[in-house]
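Notes for the one structure printed next.
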Amino acid sequence: MLNLAAPPTDFVENPFPYYDALLRDAPVCAQPDGSYLLSRHADLSMIYRDVSLYKSDKKAVFAPKFGAGSPLFEHHTTSLVFNDPPLHTRVRGIMTSALTPKALKRMEPGLVATVDALLLDMSQSLDLIEDFAASIPIQVIGNLLDIPMDERGPLRDWSLAILGALEPALTNAQLARGHQAVTEFRVYLQDLIARRRAAPGDVETDVLTRLIQGDDSGQLSEIELIQNCIFILNAGHETTTNLIGNGLALLHDHPHEREKLLSDPSLIDRAVEEILRSRSPNQFGNRETTADVEIGGQPIPAGTNLHLCIGAANRDPEMFEQPQAFDIKRHPNRHLAFAGGPHVCVGLTLARMEGRIAIARFLQHAPTYQITQRIPGGRIRFRGYSKLQARL
(Lines give C-alpha, C1' and ligand atoms only; values in the text may rest on other atoms or scores of the structure.)
Protein backbone atom coordinates (compact mmCIF):
# COMPACT_ATOMS: atom_id res chain seq x y z
CA MET A 1 0.00 0.00 0.00
CA LEU A 2 0.93 3.67 0.20
CA ASN A 3 4.46 4.51 1.40
CA LEU A 4 4.50 8.14 2.53
CA ALA A 5 8.28 8.36 2.28
CA ALA A 6 8.17 7.36 -1.41
CA PRO A 7 4.66 8.10 -2.70
CA PRO A 8 3.50 7.45 -6.28
CA THR A 9 4.43 10.17 -8.74
CA ASP A 10 0.84 11.38 -9.07
CA PHE A 11 0.10 11.42 -5.35
CA VAL A 12 0.80 15.11 -4.70
CA GLU A 13 -1.42 16.22 -7.56
CA ASN A 14 -4.28 13.83 -6.78
CA PRO A 15 -4.05 11.86 -3.51
CA PHE A 16 -7.77 11.17 -3.27
CA PRO A 17 -7.93 7.80 -5.09
CA TYR A 18 -5.16 6.61 -2.77
CA TYR A 19 -7.09 7.85 0.26
CA ASP A 20 -10.17 5.93 -0.87
CA ALA A 21 -8.05 2.79 -1.35
CA LEU A 22 -6.60 3.16 2.14
CA LEU A 23 -10.06 3.47 3.68
CA ARG A 24 -11.26 0.43 1.75
CA ASP A 25 -8.26 -1.89 1.99
CA ALA A 26 -5.74 -0.72 4.61
CA PRO A 27 -7.10 1.77 7.16
CA VAL A 28 -4.18 0.87 9.45
CA CYS A 29 -1.31 0.82 6.98
CA ALA A 30 2.18 -0.23 8.11
CA GLN A 31 5.05 1.87 6.79
CA PRO A 32 8.56 0.56 6.01
CA ASP A 33 10.08 2.60 8.86
CA GLY A 34 7.82 1.00 11.48
CA SER A 35 5.30 3.84 11.64
CA TYR A 36 1.62 3.48 10.73
CA LEU A 37 -0.64 5.47 8.42
CA LEU A 38 -4.21 5.76 9.75
CA SER A 39 -7.16 6.92 7.67
CA ARG A 40 -10.47 6.15 9.42
CA HIS A 41 -12.44 9.05 10.89
CA ALA A 42 -13.28 7.09 14.04
CA ASP A 43 -9.64 6.16 14.68
CA LEU A 44 -8.41 9.74 14.25
CA SER A 45 -11.18 11.11 16.47
CA MET A 46 -10.31 8.63 19.19
CA ILE A 47 -6.59 9.41 19.01
CA TYR A 48 -7.12 13.18 19.09
CA ARG A 49 -9.16 12.84 22.29
CA ASP A 50 -6.81 10.47 24.12
CA VAL A 51 -3.78 12.43 25.33
CA SER A 52 -2.63 9.65 27.66
CA LEU A 53 -1.97 6.97 25.03
CA TYR A 54 -1.06 9.32 22.17
CA LYS A 55 1.34 12.21 22.62
CA SER A 56 2.19 15.18 20.41
CA ASP A 57 5.83 15.54 21.50
CA LYS A 58 8.06 14.70 18.52
CA LYS A 59 11.59 14.95 19.91
CA ALA A 60 12.30 11.29 19.16
CA VAL A 61 11.07 11.67 15.56
CA PHE A 62 12.54 15.09 14.82
CA ALA A 63 16.04 14.50 16.20
CA PRO A 64 17.09 12.18 13.34
CA LYS A 65 15.00 14.15 10.81
CA PHE A 66 16.36 17.64 11.56
CA GLY A 67 19.38 17.03 13.80
CA ALA A 68 19.09 17.44 17.57
CA GLY A 69 19.62 21.07 18.56
CA SER A 70 19.26 22.36 14.98
CA PRO A 71 17.08 25.41 14.21
CA LEU A 72 14.23 23.29 12.82
CA PHE A 73 14.46 20.86 15.73
CA GLU A 74 14.30 23.70 18.26
CA HIS A 75 11.31 25.25 16.52
CA HIS A 76 9.21 22.16 15.93
CA THR A 77 9.81 20.76 19.43
CA THR A 78 9.01 24.06 21.19
CA SER A 79 5.96 25.29 19.26
CA LEU A 80 2.43 24.61 20.43
CA VAL A 81 1.39 21.94 17.94
CA PHE A 82 4.13 19.44 18.83
CA ASN A 83 3.91 19.83 22.58
CA ASP A 84 1.99 18.36 25.46
CA PRO A 85 1.14 19.86 28.87
CA PRO A 86 2.37 21.81 30.71
CA LEU A 87 3.86 23.97 27.89
CA HIS A 88 0.90 23.30 25.59
CA THR A 89 -1.56 24.32 28.30
CA ARG A 90 0.25 27.58 29.10
CA VAL A 91 0.76 28.75 25.51
CA ARG A 92 -2.70 27.70 24.36
CA GLY A 93 -4.29 29.53 27.29
CA ILE A 94 -2.55 32.77 26.37
CA MET A 95 -3.47 32.44 22.69
CA THR A 96 -7.08 31.54 23.46
CA SER A 97 -7.43 34.56 25.71
CA ALA A 98 -6.39 36.75 22.76
CA LEU A 99 -8.90 35.18 20.35
CA THR A 100 -12.13 35.58 22.29
CA PRO A 101 -15.42 36.19 20.42
CA LYS A 102 -15.19 39.83 21.48
CA ALA A 103 -11.65 40.14 20.09
CA LEU A 104 -12.64 38.46 16.81
CA LYS A 105 -15.64 40.73 16.42
CA ARG A 106 -13.32 43.70 16.84
CA MET A 107 -11.03 42.29 14.12
CA GLU A 108 -13.77 41.77 11.53
CA PRO A 109 -14.02 45.35 10.15
CA GLY A 110 -10.26 45.43 9.55
CA LEU A 111 -10.44 42.06 7.78
CA VAL A 112 -13.27 43.27 5.54
CA ALA A 113 -11.27 46.41 4.72
CA THR A 114 -8.19 44.31 3.86
CA VAL A 115 -10.19 42.05 1.53
CA ASP A 116 -12.00 44.96 -0.13
CA ALA A 117 -8.73 46.81 -0.72
CA LEU A 118 -7.29 43.73 -2.44
CA LEU A 119 -10.42 43.39 -4.59
CA LEU A 120 -10.37 47.06 -5.53
CA ASP A 121 -6.77 46.77 -6.69
CA MET A 122 -7.28 43.65 -8.80
CA SER A 123 -6.55 43.52 -12.51
CA GLN A 124 -8.58 41.42 -14.93
CA SER A 125 -5.88 38.75 -14.88
CA LEU A 126 -4.32 37.74 -11.58
CA ASP A 127 -2.89 34.94 -9.45
CA LEU A 128 -5.52 34.11 -6.85
CA ILE A 129 -2.82 32.87 -4.45
CA GLU A 130 -0.18 35.60 -4.57
CA ASP A 131 -2.55 38.50 -5.28
CA PHE A 132 -5.36 37.49 -2.94
CA ALA A 133 -5.38 34.34 -0.78
CA ALA A 134 -1.85 34.65 0.63
CA SER A 135 -2.13 38.39 1.28
CA ILE A 136 -5.05 38.10 3.69
CA PRO A 137 -3.63 35.94 6.52
CA ILE A 138 -0.27 37.69 6.36
CA GLN A 139 -2.03 40.96 7.20
CA VAL A 140 -4.30 39.37 9.82
CA ILE A 141 -1.46 37.62 11.67
CA GLY A 142 0.78 40.63 11.18
CA ASN A 143 -1.88 42.73 12.87
CA LEU A 144 -2.28 40.19 15.70
CA LEU A 145 1.44 40.43 16.48
CA ASP A 146 1.51 44.14 15.55
CA ILE A 147 4.35 43.63 13.07
CA PRO A 148 5.08 46.88 11.21
CA MET A 149 3.72 46.83 7.66
CA ASP A 150 7.11 47.48 6.08
CA GLU A 151 8.61 44.46 7.90
CA ARG A 152 6.13 41.82 6.67
CA GLY A 153 7.83 41.08 3.34
CA PRO A 154 9.83 37.96 4.34
CA LEU A 155 7.09 36.36 6.45
CA ARG A 156 5.49 34.19 3.78
CA ASP A 157 8.77 32.74 2.46
CA TRP A 158 9.91 31.94 5.99
CA SER A 159 6.58 30.22 6.68
CA LEU A 160 6.68 28.12 3.50
CA ALA A 161 10.24 26.96 4.19
CA ILE A 162 9.62 26.04 7.84
CA LEU A 163 6.37 24.19 7.22
CA GLY A 164 7.79 22.56 4.10
CA ALA A 165 10.32 20.83 6.34
CA LEU A 166 7.46 18.78 7.84
CA GLU A 167 7.11 16.78 4.62
CA PRO A 168 7.69 13.02 5.09
CA ALA A 169 10.77 13.09 2.83
CA LEU A 170 13.11 16.08 2.39
CA THR A 171 15.90 17.01 0.02
CA ASN A 172 19.07 18.54 1.44
CA ALA A 173 18.07 21.84 -0.16
CA GLN A 174 14.65 21.84 1.56
CA LEU A 175 16.28 21.06 4.88
CA ALA A 176 18.83 23.85 4.46
CA ARG A 177 16.10 26.36 3.52
CA GLY A 178 14.10 25.38 6.60
CA HIS A 179 17.04 25.84 8.96
CA GLN A 180 17.89 29.19 7.39
CA ALA A 181 14.28 30.39 7.64
CA VAL A 182 14.05 29.57 11.35
CA THR A 183 17.37 31.32 11.99
CA GLU A 184 16.39 34.48 10.11
CA PHE A 185 12.91 34.56 11.67
CA ARG A 186 14.41 34.12 15.14
CA VAL A 187 16.83 37.02 14.64
CA TYR A 188 13.99 39.23 13.45
CA LEU A 189 11.75 38.31 16.40
CA GLN A 190 14.51 38.90 18.94
CA ASP A 191 14.65 42.49 17.74
CA LEU A 192 10.85 42.87 17.55
CA ILE A 193 10.43 41.45 21.07
CA ALA A 194 13.09 43.81 22.43
CA ARG A 195 11.22 46.75 20.88
CA ARG A 196 7.91 45.53 22.29
CA ARG A 197 9.36 45.08 25.78
CA ALA A 198 10.53 48.67 25.63
CA ALA A 199 7.15 49.89 24.37
CA PRO A 200 4.37 47.37 25.20
CA GLY A 201 1.23 47.33 23.09
CA ASP A 202 -2.41 47.00 24.13
CA VAL A 203 -2.92 43.50 25.56
CA GLU A 204 -6.49 43.57 24.22
CA THR A 205 -5.27 43.65 20.63
CA ASP A 206 -1.55 42.82 20.62
CA VAL A 207 -0.93 39.07 21.00
CA LEU A 208 2.85 39.57 21.18
CA THR A 209 2.55 41.86 24.20
CA ARG A 210 0.19 39.32 25.79
CA LEU A 211 2.67 36.50 25.16
CA ILE A 212 5.54 38.56 26.59
CA GLN A 213 3.61 39.38 29.76
CA GLY A 214 2.35 35.82 30.24
CA ASP A 215 -0.55 34.94 32.51
CA ASP A 216 -1.22 33.59 36.00
CA SER A 217 0.77 30.44 35.23
CA GLY A 218 3.91 32.46 34.51
CA GLN A 219 5.90 33.81 31.59
CA LEU A 220 7.28 31.99 28.59
CA SER A 221 11.02 31.60 28.26
CA GLU A 222 12.68 33.57 25.45
CA ILE A 223 12.95 30.43 23.29
CA GLU A 224 9.31 29.48 23.95
CA LEU A 225 8.21 33.02 23.14
CA ILE A 226 10.15 33.23 19.87
CA GLN A 227 9.22 29.78 18.59
CA ASN A 228 5.53 30.20 19.35
CA CYS A 229 5.46 33.55 17.58
CA ILE A 230 6.85 31.70 14.55
CA PHE A 231 4.18 29.05 15.05
CA ILE A 232 1.36 31.63 15.12
CA LEU A 233 2.50 33.09 11.82
CA ASN A 234 3.04 29.72 10.17
CA ALA A 235 -0.15 28.06 11.37
CA GLY A 236 -2.31 31.08 10.63
CA HIS A 237 -0.79 31.80 7.24
CA GLU A 238 -0.39 28.55 5.34
CA THR A 239 -3.68 26.91 6.28
CA THR A 240 -5.81 30.00 5.66
CA THR A 241 -4.12 30.70 2.32
CA ASN A 242 -4.95 27.14 1.29
CA LEU A 243 -8.52 27.39 2.61
CA ILE A 244 -9.22 30.44 0.44
CA GLY A 245 -7.35 29.16 -2.63
CA ASN A 246 -8.84 25.67 -2.43
CA GLY A 247 -12.30 27.16 -1.95
CA LEU A 248 -12.10 29.35 -5.03
CA ALA A 249 -10.78 26.40 -7.08
CA LEU A 250 -13.55 24.08 -5.86
CA LEU A 251 -16.30 26.61 -6.56
CA HIS A 252 -14.84 27.18 -10.04
CA ASP A 253 -14.77 23.44 -10.71
CA HIS A 254 -18.32 22.92 -9.41
CA PRO A 255 -20.34 25.66 -11.15
CA HIS A 256 -23.68 24.35 -9.81
CA GLU A 257 -22.41 24.77 -6.25
CA ARG A 258 -21.09 28.22 -7.10
CA GLU A 259 -24.53 29.18 -8.44
CA LYS A 260 -26.17 27.92 -5.25
CA LEU A 261 -23.89 30.16 -3.19
CA LEU A 262 -24.43 33.15 -5.46
CA SER A 263 -28.18 32.65 -5.24
CA ASP A 264 -28.13 32.19 -1.47
CA PRO A 265 -25.14 33.91 0.19
CA SER A 266 -26.33 32.65 3.60
CA LEU A 267 -24.85 29.27 2.60
CA ILE A 268 -21.31 30.65 2.98
CA ASP A 269 -20.74 29.12 6.43
CA ARG A 270 -21.69 25.64 5.23
CA ALA A 271 -19.67 26.19 2.06
CA VAL A 272 -16.55 26.96 4.10
CA GLU A 273 -17.06 23.77 6.15
CA GLU A 274 -17.41 21.72 2.96
CA ILE A 275 -14.24 23.28 1.53
CA LEU A 276 -12.44 22.36 4.76
CA ARG A 277 -13.73 18.79 4.54
CA SER A 278 -13.22 18.25 0.83
CA ARG A 279 -9.77 19.89 0.54
CA SER A 280 -8.40 20.14 4.05
CA PRO A 281 -5.49 22.62 4.06
CA ASN A 282 -3.66 20.29 6.47
CA GLN A 283 -3.81 16.73 5.14
CA PHE A 284 -1.80 14.97 7.83
CA GLY A 285 -1.19 15.08 11.57
CA ASN A 286 1.02 12.96 13.79
CA ARG A 287 0.96 11.33 17.19
CA GLU A 288 3.27 8.92 19.03
CA THR A 289 2.02 6.03 21.13
CA THR A 290 2.99 6.14 24.82
CA ALA A 291 2.05 2.48 25.47
CA ASP A 292 1.23 -0.67 23.52
CA VAL A 293 -2.13 -0.16 21.79
CA GLU A 294 -4.40 -1.93 19.32
CA ILE A 295 -6.04 -0.02 16.46
CA GLY A 296 -8.38 -1.78 14.06
CA GLY A 297 -7.15 -5.14 15.31
CA GLN A 298 -3.50 -4.21 14.66
CA PRO A 299 -1.16 -4.33 17.70
CA ILE A 300 1.07 -1.25 17.75
CA PRO A 301 3.96 -0.95 20.23
CA ALA A 302 4.76 2.01 22.45
CA GLY A 303 6.91 4.68 20.85
CA THR A 304 5.42 4.23 17.37
CA ASN A 305 4.90 7.25 15.13
CA LEU A 306 1.38 7.50 13.71
CA HIS A 307 0.55 9.45 10.55
CA LEU A 308 -3.04 10.67 10.85
CA CYS A 309 -4.47 11.14 7.36
CA ILE A 310 -7.00 13.94 7.82
CA GLY A 311 -7.62 14.11 4.08
CA ALA A 312 -8.73 10.47 4.03
CA ALA A 313 -10.74 10.64 7.26
CA ASN A 314 -12.74 13.49 5.75
CA ARG A 315 -13.75 11.11 2.92
CA ASP A 316 -14.71 8.21 5.19
CA PRO A 317 -18.06 6.78 4.00
CA GLU A 318 -18.75 5.62 7.55
CA MET A 319 -19.03 9.31 8.52
CA PHE A 320 -20.03 11.14 5.32
CA GLU A 321 -22.72 10.32 2.79
CA GLN A 322 -21.32 10.48 -0.75
CA PRO A 323 -17.96 11.70 0.55
CA GLN A 324 -16.49 12.26 -2.92
CA ALA A 325 -19.20 14.84 -3.72
CA PHE A 326 -18.65 18.53 -3.08
CA ASP A 327 -21.92 19.69 -1.50
CA ILE A 328 -22.07 23.17 0.05
CA LYS A 329 -25.36 22.27 1.77
CA ARG A 330 -23.81 19.27 3.58
CA HIS A 331 -25.04 19.06 7.16
CA PRO A 332 -23.93 17.86 9.60
CA ASN A 333 -20.28 18.10 8.57
CA ARG A 334 -18.06 16.68 11.30
CA HIS A 335 -14.78 17.01 9.45
CA LEU A 336 -11.35 16.89 11.09
CA ALA A 337 -9.71 19.75 9.20
CA PHE A 338 -8.91 21.42 12.54
CA ALA A 339 -7.93 18.13 14.23
CA GLY A 340 -9.74 17.55 17.54
CA GLY A 341 -9.53 17.07 21.28
CA PRO A 342 -7.28 19.30 23.41
CA HIS A 343 -5.14 20.05 20.34
CA VAL A 344 -8.02 21.28 18.18
CA CYS A 345 -6.74 24.28 16.22
CA VAL A 346 -6.64 27.32 18.50
CA GLY A 347 -7.32 29.64 15.56
CA LEU A 348 -10.22 27.73 13.99
CA THR A 349 -12.77 30.52 14.50
CA LEU A 350 -10.41 33.12 13.04
CA ALA A 351 -9.65 30.87 10.04
CA ARG A 352 -13.36 30.34 9.40
CA MET A 353 -13.97 34.07 9.58
CA GLU A 354 -11.16 34.77 7.10
CA GLY A 355 -12.44 32.09 4.72
CA ARG A 356 -16.04 33.27 4.98
CA ILE A 357 -15.28 36.95 4.34
CA ALA A 358 -12.65 36.40 1.63
CA ILE A 359 -14.64 33.90 -0.43
CA ALA A 360 -18.02 35.65 -0.07
CA ARG A 361 -16.70 39.08 -1.00
CA PHE A 362 -14.62 37.69 -3.88
CA LEU A 363 -17.73 36.04 -5.34
CA GLN A 364 -19.65 39.31 -5.03
CA HIS A 365 -16.83 41.11 -6.83
CA ALA A 366 -16.16 38.52 -9.58
CA PRO A 367 -19.03 36.00 -9.79
CA THR A 368 -17.95 34.65 -13.21
CA TYR A 369 -14.19 34.30 -12.62
CA GLN A 370 -12.37 31.64 -14.65
CA ILE A 371 -9.23 29.80 -13.57
CA THR A 372 -6.83 29.58 -16.50
CA GLN A 373 -3.82 27.87 -14.93
CA ARG A 374 -3.15 26.02 -11.71
CA ILE A 375 0.06 24.70 -10.17
CA PRO A 376 -0.24 22.44 -7.10
CA GLY A 377 1.71 23.37 -4.00
CA GLY A 378 3.88 20.27 -4.42
CA ARG A 379 3.55 19.05 -0.86
CA ILE A 380 1.97 16.05 0.82
CA ARG A 381 1.18 17.41 4.27
CA PHE A 382 -0.35 20.72 3.17
CA ARG A 383 -2.94 20.82 0.39
CA GLY A 384 -3.04 23.95 -1.71
CA TYR A 385 -1.80 25.69 -4.82
CA SER A 386 1.38 27.62 -5.45
CA LYS A 387 -0.35 29.36 -8.38
CA LEU A 388 -4.00 29.87 -9.44
CA GLN A 389 -4.02 32.11 -12.46
CA ALA A 390 -7.50 33.52 -13.11
CA ARG A 391 -9.41 35.88 -15.38
CA LEU A 392 -12.15 38.00 -13.86
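The values are calculated or read from the model by the stated rules, or taken from the named source; none is laboratory data. Remember, predicted model here, so these are calculated numbers, not experimental data. Quick reminder, even Gly has a Cβ in these numbers, built from the backbone with ideal geometry, and neighbours come from all protein chains shown. Remember, those area values only see protein heavy atoms, side chains included, never the ligands or the DNA or RNA. Shrake-Rupley method; radii C 1.70, N 1.55, O 1.52, S 1.80 Å.
Details
- So Asp292, is it surrounded by 20 or more Cβ atoms within 10 Å (Cβ to Cβ) and among the charged types (D, E, K, R): no
- Here the range 116-134 is the region considered, the condition is being surrounded by fewer than 20 Cβ atoms within 10 Å (Cβ to Cβ) and not aliphatic (A, V, I, L, M), and the residue that is nearest to Thr239 (Cα to Cα) is Glu130.
- Subset of the range 14-40 [part of a helix (DSSP H, G or I) and either more than 15 Å from Arg315 (Cβ to Cβ) or basic (Lys, Arg) (or both)]: Arg24
Every residue, every condition in (1) assigned to a helix (DSSP H, G or I); (2) open to solvent by 20 Å² or more (accessible area, probe 1.4 Å), yes or no:
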| position | (1), (2) |
| --- | --- |
| Ala5 | no, yes |
| Val12 | no, yes |
| Ala42 | yes, yes |
| Pro64 | yes, yes |
| Gly69 | no, yes |
| His75 | yes, no |
| Asp84 | no, yes |
| His88 | yes, no |
| Ile94 | yes, no |
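- Residue within the range 202-217 that is open to solvent by 60 Å² or more (accessible area, probe 1.4 Å) and hydrophobic (A, V, I, L, M, F, W, C) present: no
- Out of Asp20, Asp25, one residue alone is closer than 19 Å to Asn282 by Cα and surrounded by fewer than 19 Cβ atoms within 10 Å (Cβ to Cβ). It is Asp20.
- Search result, residues across the range 321-359 that are in a loop (DSSP other than H, G, I, E, B) and either at pLDDT below 95 or within 18 Å of Ala235 (Cα to Cα) (or both): Leu336, Ala337, Phe338, Ala339, Gly340, Val344, Cys345, Val346, Gly347
- Residue count, the range 300-313 (criterion: of a type outside the set (A, V, I, L, M, F, W, C), more than 15 Å from the chain's Cα centre (by Cα) and either open to solvent by less than 10 Å² (accessible area, probe 1.4 Å) or over 18 Å from His41 (Cβ atoms) (or both)): 4
- Residue in the range 272-288 that is closer than 30 Å to Thr368 by Cβ and open to solvent by 40 Å² or more (accessible area, probe 1.4 Å) present: yes
- Among the residues of the range 248-259, just one is over 18 Å from Thr372 (Cβ atoms) and surrounded by 18 or more Cβ atoms within 10 Å (Cβ to Cβ), namely Glu257.
- Looking across Glu224, Glu184, Glu238, one residue alone is surrounded by fewer than 23 Cβ atoms within 10 Å (Cβ to Cβ), at pLDDT below 90 and part of a helix (DSSP H, G or I). It is Glu224.
- Scanning the range 123-179 for residues that are among the β-branched types (Val, Ile, Thr) and without any contact (Cβ under 8 Å) to a residue 24 or more places away in the chain turns up just one, Thr171.
- Filtered residues of the range 14-49 (kept if out of contact with any Gly (no Cβ under 7 Å at 6 or more places or on another chain), small (Gly, Ala, Ser) and under 25 Å from Thr290 (Cα atoms)): Ala26, Ala30, Gly34, Ser35, Ser39, Ala42
- Search result, residues across the range 360-379 that are surrounded by 15 or more Cβ atoms within 10 Å (Cβ to Cβ) and at pLDDT below 95: Gly377, Arg379
- In the range 86-104, the residues that are free of Cβ contacts under 8 Å to residues at least 24 places away in the same chain and closer than 16 Å to Gly341 by Cα form no Cβ pair under 6 Å with any partner that is open to solvent by less than 30 Å² (accessible area, probe 1.4 Å) and among the acidic types (Asp, Glu), whether six or more places apart or across chains.
- Residue check: Asp269 meets all listed conditions (1) open to solvent by less than 60 Å² (accessible area, probe 1.4 Å); (2) under 21 Å from Phe338 (Cβ atoms) but one, namely (1).
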